[in-house]
Amino acid sequence: MAGHEPTRVAIDRDADVITARHKGREMAQRVGFVGSDLTIIATAISEIARNIVVYAERGEVVLSPIERAGRRGLQMVARDSGPGIPDIEQAMRDGFSTGKSLGLGLPGARRLMDEFEITSAVGTGTTVVMRKWVR
């Protein structure tokens with residue numbers, strides 16, 4: 001979308017998770033999201049950013065307004081160069097966690113979004129791409 005540059009948030013501590021959540025919510029409002037969708041987007045960003053802090057120590061979240069076939073939306077990309085996920089299928093199952101989290105985790109974030117992709121390589125890192133479209 002013209003005039004809307006991606007926003008990058010470096011993630012390496014809990015305070016950065018809050019920053020990413022806040023910036024994502026602000027951008028979502030500018031794109032045209034309202035009401036509960038703003039909370040849904042902020043929650044999904046929190047989950048993927050928290051995973052960076054817990055499992056990878058550092059990474060980034062990149063927030064971008066997007067447009068496709070006349071629809072507006074928000075793309076959220078979380079990238080890290082952490083240990084990677086040995087079994088993505090297992091990690092995407094509800095209730096599976098190697099951390100001590102009661103959060104929604106990756107399966108919850110996937111349910112909140114319209115599009116969700118995850119790629120990971122052990123020893124290389126993980127990238128999660130999520131998209132939500134304005135209804």
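Computed from the coordinates by the stated procedures, all read-outs in this text should not be read as laboratory data. Keep in mind that this is a model prediction, so the values were computed, not measured. All Cβ positions, even for glycine, are placed from backbone atoms using ideal geometry, and neighbour counts span all protein chains on display.
Viscosity 1.306 mPa s, temperature 10 °C: give me the Stokes-Einstein translational D for the chain in µm²/s, with Rh taken as the Kirkwood radius over C-alpha pairs. For these conditions, the coefficient is 108 µm²/s. Taking amide H as placed 1.01 Å from N in the peptide plane, I66 has its amide H under 5 Å from the amide H of G73, L74, Q75, each at least 5 places away in sequence or on another chain.
When each of E117, E89, E47 is scored by the number of other beta-carbon atoms lying within 10 Å, the sequence from fewest to most is E89, E117, E47. Length gained on full extension, R135 to I66, computed as 0.36 nm times the residue gap minus the Cα-Cα distance: 23.5 nm. With θ taken as phi - 60° and the Karplus curve 6.51 cos²θ - 1.76 cosθ + 1.60 applied, the whole-hertz 3J(HN,Hα) list for the stretch 105-121 is x, 5, x, x, 4, 4, 5, 6, 9, 7, 9, 8, 9, 9, 10, 7, 9 Hz, x standing for glycine and proline.
Each residue, T7 and R30, gets one label point 7 Å from its Cα in the Cβ direction; the gap between the two is 0.7 nm. Using the Cβ-Cβ distance between Q90 and T124 with R0 = 22 Å, the FRET efficiency computed as 1/(1 + (r/R0)^6) comes to roughly 0.75. Extension gain, D14-R58: 0.36 nm per intervening residue step, less the Cα-Cα distance, totals 14.8 nm. Computed from the Cβ-Cβ distance with R0 of 35 Å, the FRET efficiency linking S81 to T39 stands at 0.70.
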